[in-house]
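J.: Structure incoming, see below.
The values are calculated or read from the model by the stated rules, or taken from the named source; none is laboratory data. Bear in mind the structure is a predicted one, so any value in this text is a computation, not a measurement. Every residue, glycine as well, gets a Cβ built from its backbone with ideal geometry; the counts of neighbours run over all protein chains shown. For accessibility, only protein heavy atoms count, side chains too; no ligands or nucleic acids. Shrake-Rupley method; radii C 1.70, N 1.55, O 1.52, S 1.80 Å.
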Amino acid sequence: MKIRKVALIALIIMAVTLPLSVFAQKPVVLRLAETHPQDYPTTRGDYEFARLVKERSNGRIVIEVYPGSQLGQEKAVIEQVQFGAIDITRVSVSPVAAFVPKLNAFQMPYLYRDADHMWKVLNGDIGKALLASLEPFGFIGLGWFEGGSRNFYNSKREIKTPADLKGLKIRVQESELMMGLVSAFGANPTPMAFGEVYSGLQTGVIDGAENNWPSYFSTSHYEVAKYFTLDEHTRVPEIIVGSKISLGRLSKADQELIRQAARDAVEFQKKEWAKYEQLSIDKVKAGGSQITYVADKAPWIALMAPLYAKQSKEVQDLVKQIQAVK
Ligand code: BDP
């Protein structure tokens, strides 16, 4: 009897307060999926992006960052963003190119002269057009982050020339282009989710992988694959991708607020990147990694010609435009 009375009172309270909560504006909560841990520079960039959105919308829009692959590995996350189950993600351009093939132009080997060249391209007309080209695929391209350059590492031997890569099983992202790249160097590409690479190296399922300094360090791959060759074969931008379904529910003004915040978080993210990259270099060296520098990249670059020739006309045209950016 007593319990019933309590339940009745609770019901009355709910009935009275419900209309209030309906009318009080609740913030729009957007979930952002990130594969890296909390202290990684892309994640720090995500938090800065979220902070700007919250501040500029006066708390109306809240982006909740889920680091450490809590919402899944990249390929699955991108699929969920496409059908609106996840609102935003920060990923590498590589796996997104499987959905939007044009993006392959941005991850061609030895394409950019340096990081400045890449940023000129990303901030210029080409970068803007490519962000816009994501829309027909169900995505809203929000902005780019720094992702350094990628390099080979393995547990077997020192790689001084491409010939040394011959026959090695190298993990790649789930990207056709990356498979072609590794094959063109004479190694055997093994596509695998990022989160499985450590155990893959440890158990010998793969001999090596390729990534930037920060990822080589933060994942502890350097502990199980100590031969690192700084060949800088690609510079793959990081990208912030929104779901067209969920962001499409917001007003145009709010969508623009989110886009602008993503752009304004870049300088912060780049600074975090530079700091963490240096820390990673110091740590992996101290951890006993053997670093091989490539003085002459010409033989590496020469092997990539067939890969360039194989690309669609659309990608080849974009490559020419990117190369022409001074
Ligand atoms: C890292 C990227 C991350 C990718 C990962 C990979 O930041 O988004 O998932 O490489 O190789 O550099 O899968």
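J.: In region 67-108, which residue that is in a loop (DSSP other than H, G, I, E, B) and within 11 Å of the ligand (Cβ to nearest atom) is least open to solvent (accessible area, probe 1.4 Å)?
T.: Checked region 67-108; the qualifying residue least open to solvent (accessible area, probe 1.4 Å) is Ser69.
J.: Here is a follow-up. Looking only at region 234-254, count how many residues are hydrophobic (A, V, I, L, M, F, W, C) and open to solvent by less than 20 Å² (accessible area, probe 1.4 Å).
T.: Total meeting the criteria: 5.
J.: Same structure, new question: List pairs: first residue in region 81-101 and more than 23 Å from Arg44 (Cα to Cα), second residue within 15 Å of the ligand (Cβ to nearest atom) and among the hydroxyl-bearing types (Ser, Thr, Tyr) anywhere in the structure, Cβ distance under 7 angstrom, at least six positions apart or on different chains.
T.: Within 7 Å, the pairs are Ala97/Ser175; Ala98/Ser175.
J.: Now a separate question. Please determine whether any residue of region 50-58 is farther than 21 Å from Ser243 by Cα, open to solvent by 40 Å² or more (accessible area, probe 1.4 Å) and more than 16 Å from the ligand (Cβ to nearest atom).
T.: yes
J.: Name every residue in region 112-123 that is away from the ligand (no atom under 16 Å from the Cβ) and open to solvent by less than 10 Å² (accessible area, probe 1.4 Å), in order of residue number.
T.: Residues satisfying the conditions are His117, Val121.
J.: Determine, yes or no, whether Ala309 is assigned to a helix (DSSP H, G or I), under 19 Å from Phe106 (Cα atoms), away from the ligand (no atom under 16 Å from the Cβ) and without any contact (Cβ under 8 Å) to a residue 12 or more places away in the chain.
T.: Answer is yes for this residue.
J.: If only one of Val236, Val284 is assigned to a loop (DSSP other than H, G, I, E, B) and within 16 Å of the ligand (Cβ to nearest atom), which one is it?
T.: Being assigned to a loop (DSSP other than H, G, I, E, B) and within 16 Å of the ligand (Cβ to nearest atom) holds for just one of Val236, Val284, which is Val236.
J.: Ok, one more. Evaluate the following for Arg113: is it over 14 Å from Asp231 (Cβ atoms), among the basic types (Lys, Arg) and either part of a helix (DSSP H, G or I) or free of Cβ contacts under 8 Å to residues at least 24 places away in the same chain (or both)?
T.: It is true that Arg113 is over 14 Å from Asp231 (Cβ atoms), among the basic types (Lys, Arg) and either part of a helix (DSSP H, G or I) or free of Cβ contacts under 8 Å to residues at least 24 places away in the same chain (or both).
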